[in-house]
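Below: one structure, written as structure tokens.
The values are calculated or read from the model by the stated rules, or taken from the named source; none is laboratory data. As the structure is a computational prediction, the values presented were derived from the model and not from experiment. Positions of Cβ are generated from backbone atoms using ideal geometry, with glycine treated the same way; all protein chains shown enter the neighbour counts. When the accessible area is computed, the model is the full protein with side chains, heavy atoms only, and any ligands, DNA or RNA have been set aside. Shrake-Rupley method; radii C 1.70, N 1.55, O 1.52, S 1.80 Å.
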Amino acid sequence: MAKPFYITTAIHYVNDVPHIGHMYENIAADVIARHHRRMGDDVFFLTGTDEHGQKVERSAAKEGILPIELADRVVAEHHRLWKTLNISNDDFIRTTEGRHRVGVYELIKRIQERIPDDIYLGSHSGWYCQSEETFIPDNQVKDKKDESGHPVEQTTETNYFFKLSRYTEPLLRHYRENPGFVYPQTRLNEVVSFVEQGLRDLSISRTAVKWGIPFPGNPDHVIYVWMDALTNYISALGFGDGNHPRFDHYWPADIHLVGKDIVRFHAVYWPAFLMSAGLPLPKRVVGHGWWLRDNQKISKSLGNVVRPHNIIDEFGADPFRYFVMRDMVFGQDQNYSDEAFITRYNGDPATGLGTALSRSLKMSENYFGGRTPPTPCDDNVLKTAAEQVVPEYLQAMDDLAFHRALETTWRLVAAVDQYIQSRQPFSHFKNHGADETLSRMIWNCLEALRIAFVMVSPVMPSIAREGLSRIGADADAIGVDELKWGRLSNNATLRGGDSLFPNIDAEKYLEKKMDEITPPVETTQAAPPDVAKISIDQFMQTELRVAEVRSAERVPKSKKLIRMMVFTGDGERQIVAGIGTKYTPEELVGRKVIIVANLQPATLMGVESNGMILAASIDGEPTLLSVDPNVPAGTKVK
Ligand code: MSP
């Protein structure tokens, strides 16, 4: 019988729509799920939303709507996004669902029945972090901020408590006996040293919050959002439903995949609740790294959220999936930029897999009438290459080292390229025609590519299907057995088509984007009457200043972009402007210009721009606004 394999992501807050961090987590979980499915496991993949608590209550209040209305709207966005990204989850749990509430009540009941004093009513004073909705130990508070920089305040509450302190030793023993419980090792070390300091009892109810599950027997309290949320992993399996075959079959989870910031909740609180309730513990808590922007975690509270919808809409889900899996070393942090996406995309898939495929298809079409060649081959360098990379690849997938798995796959793709170069099938055909040697040669290329497509299938499921069907293989044949050499049929019909990875014109794309970020100021046309008017206060929010260009040079590989250092009276700053088709760097130096001085920084083709230069746009051609040379740099314009 197939082995059950249960994988979950964190359930995401619904106070805002998902960003790249959430997308990454679901893509990584999806890659793991798809890999296990093709290994023959009976996979159950769960994701969902965490809908209770103060954050959601406040976001909804700000909009003047009910929390559930906000949640419904954001959940619809989740469903749309996971469909676009081809996430193959088997279930989606919402903590506002009845089945979830039943599971939470059952967990509390089991704790109360097994160890009655594990939950008690008590009062507690300490530093409370509203953003994390948790009390923070004194030694983690500095200047009224927690370790992540969130503000904390002294609070006293009478709450239900969970006797977490009782679980210090049992948890430490569990980590010792199961060193793989938390992965990677660095995260385990952090958890162990946190628990070694001794655990304090945990407040598990709130009276200040209304939007939550009422505490059983005392509806003045709602259940602490983390106790509520963590239980999703079992409520989704029907726990608490009396008859729960899914729970019996899939629990304990094989992997809880979460960001490194919430490993502690999963590796300390969650197992302690389960121990207390007498339930088995999950097998592994896996902590992934963070997507950063300019070395800071992307998050709503920092206001630096990245939602690369434009990238996904324009280039498709698979290239984006490829990028996040290839660019991030699993477990570590990585900075996001559109430029990094384009560099990766143009560098790896387009010039590798796509090119090797179109060359091999073209040769099959020219020499073998658009069919896979008639003679297979069981002894050649590509077979040896495939037999070398496949075990390394499988090991990397098991280690969750997706970047390594993809790197390994591209070694096989490179081998196909080298093979074509060294065997010269074109000249072979000229000299000998479509003989048996040529048949073997081309078949080898297609067979190696078939294996490469099977290898990439968890990461790029649609492209893998397309690639397999183009080379005459079964698009559904992606099981691990298909990684063996020799499966491609002879004389199967091939299918051409557009390039799998059309090359991205980086300059064009990024400049188009720049225009979106810094639209040229239209001074030559009167505003159409239907444009909404702004108030003088709104206008005054824009800080316009005179600046003097001190130095200027072209941004490498760009026709349009010029990088300038401009003096603003009290210092210099760097600005990048798309004026290179009209002005040379030399004629800009010494010139006075008007800049928008309080724009958020933007990165254009890898160069940071701190402001925008005003120009009139005539048919897209920029003309700088001129300033009387006697006006000193730094003067405010209004
Ligand atoms: N609701 C809780 C989780 C409860 S699980 C029982 C939560 N939600 S969240 O929306 O803030 O985060 C959801 C997941 O996204 C977490 O695993 C979190 O670590 C991850 N990420 C949020 N921002 C991230 C990045 N910038 N980069 C990568 N992942 C990060 O926490």
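Exposure check, 1.4 Å probe, all protein chains in place: residue 384 carries approximately 80 Å² of accessible surface.
Based on alpha-carbon atoms only, what is the radius of gyration of the stretch 144-236 relative to the globular estimate 2.2 N^0.38 Å? Intermediate results must be reported in sequence, preceding the final value.
Numbers: Rg = 15.9 Å, N = 93, 2.2 N^0.38 = 12.3 Å.
Output field value: 1.29.
Rg and Dmax, both from the Cα atoms of the stretch 417-500 and both in Å, are 13.6, 41.
Once you reduce the stretch 155-189 and the stretch 316-344 to the center of their Cα atoms, the two points are 33 Å from each other. Using a probe radius of 1.4 angstrom, the carbon and sulfur fraction of the accessible surface of the chain is 50%.
If 359, 554 are ordered by their accessible area, calculated over protein heavy atoms with a 1.4 Å probe, which sequence runs from highest to lowest? Could the numbers behind the result be given before it?
Values: 359 70, 554 100 Å².
Largest accessible area first, the list is 554, 359.
Taking Cα centre as origin and charging only the Cβ of basic (Lys, Arg, +1) and acidic (Asp, Glu, -1) residues, the dipole magnitude of the chain rounds to 580 debye.
Under a 1.4 Å probe, what is the accessible area of the chain per residue, stated in Å²? It would help to have the intermediate numbers written out before the result.
Values: 27940 Å² over 638 residues.
Spelled out: the 1.4 Å probe surface of the chain, per residue, equals 44 Å².
Extension gain for residue 371 to residue 554 (0.36 nm times residue separation, less C-alpha to C-alpha distance): 60.9 nm.
Of the DSSP H helices in the chain, those that are both long (alpha-carbon extent of 20 Å or more along the helix axis) and hydrophobic (Kyte-Doolittle mean at least -1.0) are 20-38, 67-84, 98-114, 381-398, 402-423, 436-456.
Here the sum of -39500 (n - 2.57) over DSSP H runs of 4 or more residues, divided by the residues of the chain, equals -12000 deg cm²/dmol at 222 nm, to the nearest 500. Only Cα pairs under 8 Å and 6+ residues apart enter the sum, and on that basis the relative contact order of the stretch 4-95 stands at 40 percent.
For the stretch 191-236, what does the relative contact order come out to in percent, with C-alpha contacts under 8 Å and a separation of six or more? Could the numbers behind the result be given before it?
Working: 35 pairs, mean separation 13.2, N = 46.
Result for the stretch 191-236 is 29 percent.
Placing unit charges on each Cβ (+1 for Lys and Arg, -1 for Asp and Glu) gives the chain a dipole about its Cα centre, and among 202, 295, 541 the Cα reaching farthest toward its positive end belongs to 295. Surface listing: 162, 315 arranged by accessible area from highest to lowest gives 315, 162, probe 1.4 Å. Electrostatic tally near residue 585: other residues with Cβ closer than 14 Å to its Cβ, Lys and Arg +1, Asp and Glu -1, net +4. A 1.4 Å probe, protein heavy atoms only, puts the accessible area of residue 146 near 20 Å². Taking amide H as placed 1.01 Å from N in the peptide plane, residue 544 has its amide H under 5 Å from the amide H of 597, 637, each at least 5 places away in sequence or on another chain.
Shape class for the chain, computed from the alpha carbon gyration tensor (a ≥ b ≥ c): oblate, with a/c not under 1.5 and a/b at or below b/c.
When DSSP assigns beta bridges and you keep just the ones with both residues in the stretch 1-159, what percent turn out antiparallel, to the nearest 5?
55 percent
Amide H contacts under 5 Å for residue 330: 402, 403, restricted to partners 5 or more places along the chain or on a different chain, H placed in the peptide plane at 1.01 Å from N.
Scanning residues 5 or more positions from residue 93 or on other chains, those with amide H under 5 Å from its amide H are 47, 48, 49, with H placed 1.01 Å from N in the peptide plane.
Charge tally around residue 38: other residues with Cβ under 11 Å, Lys/Arg +1 each, Asp/Glu -1 each, net -2. The value of relative contact order for the chain, using C-alpha pairs under 8 Å at least six residues apart, is 10 percent. Of 508/560; 210/297; 55/142; 109/163; 592/638; 62/297, which sit over 21 Å apart, Cα to Cα? Table pairs above 21 Å Cα-Cα are 210/297; 55/142; 62/297. Modelled label positions at residue 543 and residue 58, each set 7 Å beyond Cα in the direction of Cβ, lie 2.6 nm from each other. Toward the positive end of the charge dipole of the chain, about the Cα centre and with charges on Cβ (Lys, Arg +1; Asp, Glu -1), which of 180, 428, 629 goes farthest? Final value for the positive-end residue is 428.
Overall, the stretch 154-259 carries a charge dipole of about 120 debye about its Cα centre when +1 sits on the Cβ of Lys and Arg and -1 on the Cβ of Asp and Glu, all other atoms neutral. Using a simple spin-label model with pseudo-atoms 7 Å out from Cα toward Cβ, residue 90 and residue 630 lie 8.0 nm apart. For the chain, the residue among 233, 29, 385 whose Cα projects farthest onto the positive side of the dipole built from Cβ charges is 385.
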